[in-house]
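No lab work stands behind these numbers, since they all come straight from the coordinates. Note that the structure is a prediction, hence the values are computed from the model and not measured. As a convention, Cβ positions derive from the backbone with ideal geometry for all residues, glycine included, and neighbour counts pool all protein chains shown.
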């Protein structure tokens, strides 16, 4: 997990190329097919997409950050321009570390917009160059959320239409151990 500090490799990459990098942050607890759909859309628009798995102290996550990163890496392994990493800092600090000002956020419904708009405005207040791009998932994913997937799994429902088989298995294993 990166703690928002530059490595020599990061600086070398930033100095040698002018690539369009976007960050897609979230807790991804767990990563759903809706998240994957947003990654697919973003990966067509940008040279590199960094799926940034947040270690959010305000959320009581079901999976650890390491587990969420591992699941996201497994699910997104076929995207050649997508990197998954954990982070534990302000998003504006992560954008500075990755030398980008572009953040992707997914919107499923109007109810998401108010919260996402507040986040975008707060981030822009912290860093005036900060840009948030809102993407909507395909229609079949408009109602899919990580919390609903966890609830279905908790009651031993079938989550296979909402998540990758790797995630469905991880949910089953975690539920058995919980």
Rounded tilt (10° steps) of 33-45 against the dominant C-alpha axis of the chain: 20 degrees
Expected 222 nm ellipticity per residue - DSSP helices of 4 or more, -39500 (n - 2.57), all of the chain, to 500: -13500 deg cm²/dmol
Extended-chain gain in nm, criterion 0.36 nm per residue less alpha-carbon gap, residue 89 and residue 108: 4.3 nm
Region 102-142 and region 51-93: distance between their alpha carbon centers, rounded to Å: 17 Å
Label-point separation, residue 80 to residue 125 (7 Å along Cα→Cβ), nm: 4.3 nm
Estimated inter-spin distance, residue 147 and residue 64, nm [label 7 Å along Cα→Cβ]: 2.5 nm
Length-normalised contact order of region 102-178 in % [C-alpha pairs under 8 Å, at least 6 apart]: 29 percent
Between helix 110-126 and the chain: long-axis angle, C-alpha atoms, 0 to 90°, nearest 10: 30 degrees
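In whole percent, what relative contact order does the chain give with Cα contacts below 8 Å and a gap of six or more residues?
Contact order relative to length: 28 percent.
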Descending semi-axes in whole angstrom, ellipsoid equivalent of the chain, from the Cα gyration tensor: 27, 18, 16
